[in-house]
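A.B. asks: Got a structure here, written out as structure tokens. Questions coming.
The values are calculated or read from the model by the stated rules, or taken from the named source; none is laboratory data. In this text, all values refer to a predicted model and were calculated from it rather than measured experimentally. Don't worry about glycine lacking a Cβ; one is built from the backbone with ideal geometry, like all the others, and counts go over all protein chains shown.
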Amino acid sequence: MMPKWIAVGIALEKESISYYSSALKKVKDMGSIRLLEFLIDQEKEHLRFFERLKKEKNLEKGVEAEQKKLGKMKIIKKIYSKKELNSILGKRFNVRTVFDKAIDLEEKAILMYTNYASKSENPKIKTFLIMLAKFENEHRKLIKSHEDAVYNSFYWDGIQFVRLES
């Protein structure tokens with residue numbers, strides 16, 4: 001019988017992939033497009049981890065193998081170059097709703113993975129889930145910094161100003 005944390009992980013990753021794929025159709029700027037493409041790729045890889053674990057007869061051995069693969073995954077820290085961010089002048093749009101939902105999805109995954117990690121008595125499963133939670137947290141930070149760059153400030157004659165609206 002498949003452990004519940006694997007089933008929940010599969011469902012969460014599928015939900016994220018679906019949302020990011022539909023959000024990709026709504027955004028226009030290259031930074032948002034690259035961010036969503038990156039997130040889709042990351043969540044697809046997480047889904048593959050869970051799909052392989054679902055089929056694994058020796059769960060502990062499978063978790064150990066997936067943990068090594070997870071350790072090789074890269075997290076990017078920023079989406080825009082300074083030149084690209086400056087080119088957004090006059091092309092601002094409200095990404096708040098798109099990326100607020102993305103942050104919610106990442107936070108949901110973080111909570112689920114840390115919750116199951118805290119309940120796990122198997123140290124390898126616990127470590128694997130904590131690593132996944134850290135990846136999701138890095139995704140959350142990346143989305144938030146992207147949202148802040150696009151929404152919470154604006155540029156005028158090379159000077160950055162913080163938005164006054166809430």
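A.B. asks: Taking the condition more than 18 Å from the chain's Cα centre (by Cα), β-branched (Val, Ile, Thr) and more than 18 Å from residue 107 (Cα to Cα), does residue 63 pass? Please lay out each step first, then the result.
C.D. replies: Details: more than 18 Å from the chain's Cα centre (by Cα): yes; β-branched (Val, Ile, Thr): yes; more than 18 Å from residue 107 (Cα to Cα): yes.
In short, yes.
A.B. asks: Would you check if residue 91 is in a helix (DSSP H, G or I) and at pLDDT below 85? Working first, answer last.
C.D. replies: Values: in a helix (DSSP H, G or I): no; at pLDDT below 85: yes.
Criteria not met by residue 91.
A.B. asks: A further question on this structure: Tell me yes or no: at least one residue of segment 36-53 is of a type in the set (S, T, N, Q), modelled with pLDDT of 90 or more and on the phi < 0 side of the Ramachandran plot. Don't jump to the end; show me each part of the working.
C.D. replies: From segment 36-53, those of a type in the set (S, T, N, Q) are 42; that's our starting set.
Cutting the leftovers down to modelled with pLDDT of 90 or more gives us 42.
Retained after the next criterion (residues that are on the phi < 0 side of the Ramachandran plot): 42.
Within segment 36-53 (the criterion being of a type in the set (S, T, N, Q), modelled with pLDDT of 90 or more and on the phi < 0 side of the Ramachandran plot), the answer is yes, since at least one residue qualifies.
A.B. asks: Only one of (1) at pLDDT 75 or above; (2) assigned to a strand (DSSP E or B); (3) not aromatic (Phe, Trp, Tyr) fails for residue 134. Which number is that?
C.D. replies: (2)
A.B. asks: Now, a different point. Step by step: first the residues of segment 5-57, then only those that are among the basic types (Lys, Arg) and in contact (Cβ under 8 Å) with a residue 12 or more places away in the chain, then the one that is surrounded by the fewest Cβ atoms within 10 Å (Cβ to Cβ). Which residue is that? Walk me through how you get there before you give the answer.
C.D. replies: Of the residues in segment 5-57, the ones among the basic types (Lys, Arg) are 14, 25-26, 28, 34, 44, 48, 52, 54-55, 57.
From what's left, in contact (Cβ under 8 Å) with a residue 12 or more places away in the chain: 14, 26, 28, 34, 44, 52, 54.
Working: 14: 14, 26: 12, 28: 9, 34: 16, 44: 14, 52: 14, 54: 15.
Applying the filter and picking the extreme gives 28.
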